[in-house]
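Structure first, then comments.
Every number here is computed from the coordinates shown, using simple stated rules; none is lab data. Just so you know, these numbers come straight off a predicted model, no measurement behind them. For neighbour counting, all protein chains shown are included, and Cβ atoms are generated from backbone atoms with ideal geometry for every residue, glycine included.
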Amino acid sequence: MGFKRNFLILPIVMLFFTLHFSVAAAKTTTPISLEYQQQENIEIPILMYHHFVEDVVPEGTEGSIMSIEVFRQQLMYLQQKGFHAISLSQLKEYLTGGTDLPPNPFVITIDDGYESNYTLAYPILKELNMPANINIVVSSRGKKPGKYQHFSWADAQEMLESGLIEIGSHTYDLHHAMIRMQPEEDLTAYSQRIYEDFKLSRDLIREHLAIEPYIYCPPYGIYNETSQSIAEELGFTLHLTTRPGLVTKESDLLALERINVRGDYTPEDLLKKIYSFKRDIGKEDVEVQQEKKTIGALNDLFTIPPKLPFLPSLHNLTIPVKLAYSNASFF
């Protein structure tokens, strides 16, 4: 009898331990990591910033100006949520069939090259050990062409040598909507002017920073097939637009999507904005799924204005034009 009883108990004990360790293993595997077992399906946010201030953001400029403390809070919040900042170089390698990416990758980009990028944002990026890309209006190095001072070539060199910052071109001097074709120009004249500006921006970046720049960021997100082709021909093989969305392996390297980060976004707002573009939340963690339930009320945060004062006159264009604007208040 004792033998029979032990014979029956043994399978029950074995079943108990099997279920126990299966449950324990399931608990130690975070659902969010499952998404990154499928490297082909990653959706990567490229965040877009501009100018930073230490004090309160002036009313009406929240589209392009941010308190540096809010910037810190946003990046720390993403870090706490398991996001990992990657460089544009890493992104490009991934998109062209290279190495895998860490879980929850995202990219930080900063446009224009204001001095605040160096004095305020750069120290935080160093503190958090996060890489970023800064796209400079090349003609403005060390100058104050408008309301805000731009950082110098020496500042750019220091940031570059840190290994955290990549420098891209925001054109040499086409930042005030001169990227468009002018009424008096034909396609030949337009192409020549664009070519000379792009080449000069590239030559000066190479001269001052001793790098081969490959990142091009069209002003105001205005681009067309001619500007894309010229930039690519000159060696700018990765282009950043203002078209909102997430980057995937299906994205065009000459028209990568970005998310404009407003100065009035809380860290939670930013996370919701990122996930509002995702195609599949099936593998997100439970907390993110709960947050995403409120996204419906945020749909108006990225409305595209019907017309802006710098829009080109399209009637005289003989080439396909693609316009991708964010709702940022540019200056």
Would you please state which residues of the stretch 188-218 a label at Thr237 would reach in this model, taking the label point 7 Å out along Cα→Cβ and a backbone N cut-off of under 15 Å?
212-216
Pseudo-spin-label distance Ala154 to Phe277, built 7 Å along Cα→Cβ, given in nm, is 3.7
Test of understanding: what is the full-extension gain from Glu69 to Thr119, defined as 0.36 nm times their sequence separation minus their Cα-Cα distance?
16.7 nm
Once amide H atoms are built 1.01 Å from N in the peptide plane, which residues 5 or more positions from Glu166, or in another chain, come under 5 Å H to H?
Ala132, Asn133, Ile134
As straight-line cross-link partners of Lys144, the qualifying aspartates and glutamates (C-alpha separation under 16 Å, not fewer than 8 residues apart within one chain) are Asp111, Asp112, Glu115, Asp155, Asp173
Under-5 Å amide H pairs with Phe106, H placed in peptide plane, nonlocal only:
His84, Ala85, Ile86
May I ask you to derive the FRET efficiency for Thr266 and Thr188 from their Cβ-Cβ distance with R0 = 51 Å, giving the value to the nearest 0.05?
0.55
Any idea how far apart Asp173 and Asp100 come out in nm if each label point goes 7 Å out from Cα toward Cβ?
5.0
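Using a cut-off of 14 Å between beta-carbons, work out the net charge of the residues near Pro58 (Lys and Arg +1, Asp and Glu -1, Pro58 not included).
Values: positive: Lys147, Arg262; negative: Glu54, Asp55, Glu59, Glu62, Asp264.
The answer is -3.
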If you take the square roots of the eigenvalues of the alpha-carbon gyration tensor of the stretch 74-207 and sort them as a ≥ b ≥ c, do you get rounded (a/c under 1.5), prolate (a/b over b/c) or oblate?
prolate
